[in-house]
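Let me begin by handing over the structure; questions about it come next.
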Amino acid sequence: MPAPDLLFSLHFLGGSARTWEPFSWALGDTLVCVSIDLPGFGNASGATGFSVDAMADHVAAVIRTKAPVRFAIAGHSMGAKVALALARRSEDGESGLEGLTDLILISGSPPGPEPIPEDRRAKMIAWIDADPETRLREAKAFVRANVGDSLDPETEARAVADVLEAAPKAWKAWLESGSNEDLSRRVGVLRTPALILAGSEDADLGADAQHALMAPHLAHYRVVTVDGVGHLLPLERPEALADLVRQHIGDRPRADAAQAAEIPPAYAALIASERVNSRLRGALAKRAEPDDPGYRPEALDPVELAILRAACARVLPTPGVDIAARIDKRLASGAGDGWRFVALPPDLEAYRAALRTLDAAARAAHGRPFVVLDGREQDALLTLAERGDLSVPEILGGRLDGDRMRFWFEDLRADAVRLWLAHPAALARVGFSGIGAGGDRPGPIANGLPGFHEVGLDAPEPWEPRPTHGETAR
């Protein structure tokens, strides 16, 4: 893909277009950086429209004015959520936004609610309307709390001045509303190549948050953690940021080709033979289709799907088959096995509650989301669920108690096994040849009567493929 012509850059809460000046200088002639003041900030401090959609409208108008053939969007913190909303519009074909080639997401606020501690949120809202002396003191404290190391005096002074210039209405609107807007389902999964950047010293929106809350919304991405940096990478390390953007443009994350689980030639030949009726052959072909690497969930949201994928990888690893995506499709269709545990809510509600409880348990036990834990830590939590001992207080995010988590985990294992064993690669692995019991027409077929004639132990029919693993099963 050709490089973009322009890079539209969207600042963090309390920043402005000039936040990007050091980065723009460091970027040189690699890209033309067009920095935009979001409504309520910088030179747009008198503008209104503070919702994510309103800010996206504001940026879209600037992009249309420039009318680039190809462009990228860099979003920092608050600006990243706006960038994601614009990317969804672009991928949906909105006029004037068709040329989006790349996303650069820096300490990004995710599509869902941003993880800001409520006491800090309340304090930030309180001081923005305070007296000038308090505002200056708190603005300095805000900037210093968001860097890994100190900024040089000139850069810090500009950053503090930007915070003080912000319209209090815009500041409060983001903290009270914009940061809490849940655009997870609308944004879904984007296919635009993305570079996700996190500071190692960023407490709320560091690498863990980016992996758990941002990455699930992107099909083709790379996460890079910058050591020693807090939340304000464009101000802390503009040269490093410029280098990372250059590297991204030169080597974008590639779209993964859809991978299908391999079906051995002998089993594929059985499926194609007249021993298998055409209706079953069609169903097996459908099940064998490769799963879309950029699958957009229909029932769960992308964050929940990521948790489910991580759990399925521990329960039943199935290379080439996205069991979690297939469970999501089943949940969306409303199809099932016709029963459920009476203690559990309907399947979709149970899955969503259980996945959020599993993630809350990971955060309570390890201070980290489930998807970033190592396999041993994930297994320990799933073992607790199996035993009925995974219990998380509701105040910490628990939605199902220990008993109901045990019932759900039994359902998950059954769903995973059922979906895997329906796949022809799994049938070949266990040597299941019952699919060859009869074709479309009655009576003899080319190789004899349909069905099985050899019924003794370890006496397979001549036409039966050998299992690729384990014992023959019928």
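Can you tell me which condition Ile263 does not meet? The list is (1) under 27 Å from the mean Cα position of the chain (by Cα); (2) not in a helix (DSSP H, G or I), and all the others hold.
Condition (1) is where Ile263 drops out.
Also, quick follow-up: For the stretch 459-471, which positions are open to solvent by 100 Å² or more (accessible area, probe 1.4 Å), among the charged types (D, E, K, R) and modelled with pLDDT of 80 or more?
We begin by selecting, within the stretch 459-471, every residue open to solvent by 100 Å² or more (accessible area, probe 1.4 Å); these are 462, 466, 469, 471.
If we keep only those that are among the charged types (D, E, K, R) too, we end up with 466, 471.
Selection gives Arg466 alone.
Where the second residue is open to solvent by less than 90 Å² (accessible area, probe 1.4 Å) and the first is acidic (Asp, Glu) and lies in the stretch 391-403, which pairs have Cβ atoms under 8 Å and are six or more apart or on separate chains?
Matching pairs, first to second residue: Asp401/Ser391; Asp403/Ala343; Asp403/Gly388.
Within the stretch 134-156, how many residues turn out to be modelled with pLDDT of 95 or more and open to solvent by 60 Å² or more (accessible area, probe 1.4 Å)? Steps first, answer last, please.
Taking the stretch 134-156 first, the residues modelled with pLDDT of 95 or more are 134-148, 151-156.
Remaining after also requiring open to solvent by 60 Å² or more (accessible area, probe 1.4 Å): 136-137, 140, 144-145, 152-154.
So the count comes out to 8.
Filter the stretch 184-199 for residues that are open to solvent by 20 Å² or more (accessible area, probe 1.4 Å) and assigned to a helix (DSSP H, G or I); which is farthest from Ala74 (Cα to Cα)?
Arg185
I'm trying to understand the selection: among the residues of the stretch 79-99, which are crowded, with 17+ Cβ neighbours inside 10 Å and over 13 Å from Leu183 (Cβ atoms)?
First pass over the stretch 79-99, keeping only residues crowded, with 17+ Cβ neighbours inside 10 Å: 79-91, 97.
Answer for the stretch 79-99, where residues must be crowded, with 17+ Cβ neighbours inside 10 Å and over 13 Å from Leu183 (Cβ atoms): Gly79, Ser90, Glu91, Leu97.
Mind checking whether some residue in the stretch 296-311 is open to solvent by 60 Å² or more (accessible area, probe 1.4 Å), farther than 17 Å from Ile263 by Cβ and in a helix (DSSP H, G or I)? So that I can check it myself, show each step before the final result.
Initially, the stretch 296-311 is screened for residues open to solvent by 60 Å² or more (accessible area, probe 1.4 Å), giving 296, 298, 309.
Subsequent filtering for residues that are farther than 17 Å from Ile263 by Cβ retains 296, 298, 309.
From what is left, the residues that are in a helix (DSSP H, G or I) are 309.
The answer is yes; a qualifying residue exists.
State the number of residues belonging to the stretch 27-60 that are more than 18 Å from Gly93 (Cβ to Cβ) and either part of a helix (DSSP H, G or I) or acidic (Asp, Glu) (or both).
At the first step, the residues of the stretch 27-60 found to be more than 18 Å from Gly93 (Cβ to Cβ) are 27-52, 54-55, 58.
Subset that is either part of a helix (DSSP H, G or I) or acidic (Asp, Glu) (or both): 27, 29, 37, 42-44, 52, 54-55, 58.
Of the residues in the stretch 27-60, 10 are more than 18 Å from Gly93 (Cβ to Cβ) and either part of a helix (DSSP H, G or I) or acidic (Asp, Glu) (or both).
Identify, from the list Asp29, Asp57, the residue that is open to solvent by 30 Å² or more (accessible area, probe 1.4 Å) and at pLDDT below 95. Talk me through it step by step, then tell me what you get.
On the way: Asp57 fails: at pLDDT below 95.
Matching residue, one of Asp29, Asp57: Asp29.
Sort out which residues of the stretch 165-183 are open to solvent by 10 Å² or more (accessible area, probe 1.4 Å) and of a type in the set (Gly, Ala, Ser), and write them in order of number.
Selection gives Ala167, Ala173, Ser177.
Report, by residue number, each residue of the stretch 61-88 that is at negative phi, within 26 Å of the chain's Cα centre (by Cα), outside any helix (DSSP H, G or I) and not hydrophobic (A, V, I, L, M, F, W, C).
Here is the first cut: in the stretch 61-88, the ones at negative phi are 61-66, 68-76, 78-88.
Restricting the remaining residues to those that are within 26 Å of the chain's Cα centre (by Cα) gives 70-76, 78-88.
Retained after the next criterion (residues that are outside any helix (DSSP H, G or I)): 70-76.
Selection gives Arg70, Gly75, His76.
Hey, Arg237 hits all of (1) touching a Ser or Thr at 6+ places or on another chain (Cβ under 9 Å); (2) buried (at least 21 other Cβ atoms within 10 Å of the Cβ); (3) not polar (S, T, N, Q) but one; which does it fall short on?
All conditions are met except number (1).
Of the residues Asp243, Asp202, Asp162, Asp208, only one is open to solvent by less than 40 Å² (accessible area, probe 1.4 Å) and part of a helix (DSSP H, G or I); which?
On the way: Asp243 fails: open to solvent by less than 40 Å² (accessible area, probe 1.4 Å); Asp202 fails: part of a helix (DSSP H, G or I); Asp208 fails: open to solvent by less than 40 Å² (accessible area, probe 1.4 Å).
Only one candidate passes the filter, namely Asp162.
Conditions tested, residue by residue: (1) surrounded by 17 or more Cβ atoms within 10 Å (Cβ to Cβ); (2) touching a Pro at 6+ places or on another chain (Cβ under 6 Å); (3) under 23 Å from Leu316 (Cβ atoms).
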{"position": "Ala360", "(1), (2), (3)": "yes, no, no"}
{"position": "Gln378", "(1), (2), (3)": "yes, no, yes"}
{"position": "Pro393", "(1), (2), (3)": "no, no, no"}
{"position": "Gly397", "(1), (2), (3)": "no, no, no"}
{"position": "Met405", "(1), (2), (3)": "yes, no, yes"}
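The values are calculated or read from the model by the stated rules, or taken from the named source; none is laboratory data. Note that this is a predicted model, so its numbers are computed, not measured. Note that each Cβ is placed from the backbone with ideal geometry, even for glycine, and that neighbours are counted across all protein chains shown. Calculation scope for accessible area: heavy atoms of the full protein, side chains included, ligands and nucleic acids excluded. Shrake-Rupley method; radii C 1.70, N 1.55, O 1.52, S 1.80 Å.
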